[in-house]
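Accompanying notes for the structure given below.
Read-outs: derived from the displayed coordinates by stated rules, not from any lab. Keep in mind the model is a prediction, meaning the values are calculated, not measured. Reconstructed Cβ throughout: ideal geometry from the backbone, glycine too, with neighbour counts over all protein chains shown.
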Amino acid sequence: MVMVTGGAGYIGSHAVLALRDAGYGIVVIDNLVTGFDWAVPGDVPLVRGDIADQPLVEATLRDHGVRAIMHFAGSVVVPESVSNPLKYYHNNSAKTRDLIESAVRIGVPHFIFSSTAATYGTPDVEAVREDTPQCPINPYGMSKLMTEHMLRDVAAAHPMNFCALRYFNVAGADPQGRTGQSTAGATHLIKVAVEAALGKRESVSIFGTDFDTPDGTGVRDYIHVSDLAAAHLLALEALMAQPTRNHLLNCGYGRGFSVLEVLDAVDRATNNPIKRVMVGRRAGDPGRLISDNKAILETFPWTPRHADLDQIVAHALAWERQLGDRA
Ligand code: UFG
């Protein structure tokens, strides 16, 4: 039995589907601040509550016989973390500390954590390896790095192993159209671009055209959310197979696309160019952030299925259409 925190959110709801498709028992805990109850399949129990509500969490872990936690719940907007750092240290670091304490008390043996490439800051390398120094440049990245450290220490002291997956730029939606990115006011490029393509926004701002990249715009390693969900399942299997081994792994494809390449892909998908507005750089944006993914490919039998940018965009667009005005 797996407890999924944030299972009503974007990435969590895809992990729920992957677990369900693989036949795992699941319980979701979500406070529905940014998630949606309709994102959780009707046959999966949804506990409405907070990960730091220890009596609730511990009762859930005990009652459902939970053996693993996949922890997605958290705050994810980088600029907001700069203007309101305490929210991030509270939601991401302090509440996760309480969740881990509940897991230790109940004796949950496996913990899978949503970490981020933002823990690396602005690395000056072609491709970021797991041993590239982690120097976050915003409170979001730091709040996640703090959790990685907590997990390392807790796993050394208690009978628990963990896997931290450092996500690069997550995008796309379930290929079968069962869930997708529904978050209101999202700032992520592909989400923003498909909203613009469907007339939900007037234009897309391009944040900086003077980076040291082939076309001057920012380059990112966009990873399809369903491939990411599949990696979580493999992480779970690896933790169960080797209960004394921990994993800290990048989750990306090891290739990048520029902002202009992404916008071109969205234009191709609809055959209707989006209005582009060139604006200055956004504070704290690295020019290029691409994963070295050798470690995950060597550690898990992970076969990315949706690395094609046009496919990522097509799935994001299909979900955005289906979403209509719901979120
Ligand atoms: N961008 C634009 N216009 C927009 C939005 C984004 O030009 O409207 C550009 C950004 O400047 C950047 C690229 O598109 O070059 C991607 O930006 P996103 O906002 O989509 O994503 P970020 O790379 O800033 O950050 C994302 C997540 C973080 C995560 C990070 C890891 O938001 O949580 O990826 O790579 F840590």
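Shape verdict for the range 85-146, please, from the Cα gyration tensor: rounded (a/c under 1.5), prolate (a/b greater than b/c) or oblate. If you can, show how the numbers build up before the last one.
Values: a/c = 4.16, a/b = 1.67, b/c = 2.49.
Since a/c reaches 1.5 but b/c is at least a/b, the shape of the range 85-146 is classed as oblate.
Contour minus end-to-end for residue 54 and residue 105, with contour as 0.36 nm per residue of separation and end-to-end as the Cα-Cα distance? Don't skip to the end; give the middle numbers.
Numbers: separation 51, 0.36 × 51 = 18.36 nm, distance 1.01 nm.
The residue 54-residue 105 span can extend by a further 17.3 nm.
Can you flag which of 191/275; 144/275; 95/294; 144/200 are past 24 Å Cα-Cα? If you can, show how the numbers build up before the last one.
Numbers: 191/275 15 Å; 144/275 35 Å; 95/294 32 Å; 144/200 32 Å.
From 191/275; 144/275; 95/294; 144/200, over 24 Å: 144/275; 95/294; 144/200.
Simple point charges give the picture: +1 on the Cβ of Lys and Arg, -1 on the Cβ of Asp and Glu, and for the chain a dipole about the Cα centre of about 300 debye.
Enumerate the helices in the chain for which the Kyte-Doolittle hydropathy averages -1.0 or more and the C-alpha atoms extend at least 18 Å along the helix's axis, using complete DSSP H runs. Intermediate values should be presented prior to the final figure.
Details: long enough: 139-157 (27 Å, -0.03); 225-241 (24 Å, 1.46); 309-323 (21 Å, 0.19).
The answer, listed by residue number, is 139-157, 225-241, 309-323.
Among 300, 168, rank each residue by its count of other Cβ atoms within 10 Å, from fewest to most, as a rough exposure measure. Don't jump to the answer; show the numbers that get you there.
On the way: 300 18, 168 24.
Ranked by crowding around the Cβ, least crowded first: 300, 168.
Averaging the Cα positions of each part gives two centres, and for the range 48-66 and the range 231-269 these lie 29 Å apart. Between 64, 311, 149, the Cα set farthest toward the positive side of the dipole of the chain (charges on each charged residue's Cβ, about the Cα centre) is that of 64.
Checking a compactness column here: for the chain, what do you get for Rg(Cα) / (2.2 N^0.38 Å), N being the number of residues? Before the final figure, lay out each step's value.
On the way: Rg = 18.9 Å, N = 327, 2.2 N^0.38 = 19.9 Å.
The reported ratio for this selection is 0.95.
Just how many % of Cα pairs in the range 1-122 lie over 17 Å apart, if you round to the nearest whole percent? The partial results should precede the final answer.
Values: 3996 of 7381 pairs.
Pairs farther apart than 17 Å: 54 percent.
Comparing 90, 1, 33 along the charge dipole axis of the range 1-127, the residue lying farthest to the positive side is 1, per the Cβ-charge model. Protection proxy ranking for 251-259, 82-90, using the average of other Cβ atoms within 10 Å per residue and placing the highest first: 251-259, 82-90. Top mean-square fluctuation among 227, 21, 210, Gaussian network model of the chain, C-alpha springs under 10 Å? Looking only at 227, 21, 210, the largest GNM fluctuation is found for 21.
Determine the calculated [θ] at 222 nm for the chain from helices alone, applying -39500 (n - 2.57) to every DSSP H run no shorter than 4 residues and normalising by the residue count; nearest 500 deg cm²/dmol.
Values: 11 runs with 122 residues, N = 327.
So the calculated ellipticity at 222 nm is -11500 deg cm²/dmol.
The charge dipole of the range 89-151, taken about its Cα centre with unit charges on the Cβ atoms of Lys, Arg (+1), Asp and Glu (-1) only, comes to about 320 debye.
The order of the peptides 56-66, 102-112 by mean Cβ neighbours within 10 Å, most packed first, is 102-112, 56-66. Once backbone amide H atoms are built at 1.01 Å from N, residue 112 has 69, 70, 71, 163 as its partners under 5 Å, excluding neighbours fewer than 5 places away on the same chain. Between residue 43 and residue 276, the simple label model (points 7 Å from Cα in the Cβ direction) yields a spacing of 4.6 nm.
Ranking 283, 12, 196 by how far each Cα lies toward the positive end of the dipole of the chain (charges on Cβ) leaves 12 at the top. Where a ≥ b ≥ c are the square roots of the eigenvalues of the C-alpha gyration tensor, would you call the range 93-196 rounded, which needs a/c under 1.5, or, failing that, prolate if a/b is larger than b/c, or oblate? The shape class here is oblate. Amide H contacts of residue 75 (H built 1.01 Å from N, in plane; Pro and chain starts excluded): 92 sit under 5 Å, all sequence-distant by 5 or more or on other chains. Evaluated with a Cβ-only charge set (Lys, Arg +1; Asp, Glu -1), the range 184-327 carries a dipole of roughly 300 debye about its Cα centre, given to the nearest 20. With an a/c value of 1.5 or above and a/b not larger than b/c for the gyration tensor axes a ≥ b ≥ c computed over the alpha-carbon atoms, the range 174-327 is described as oblate.
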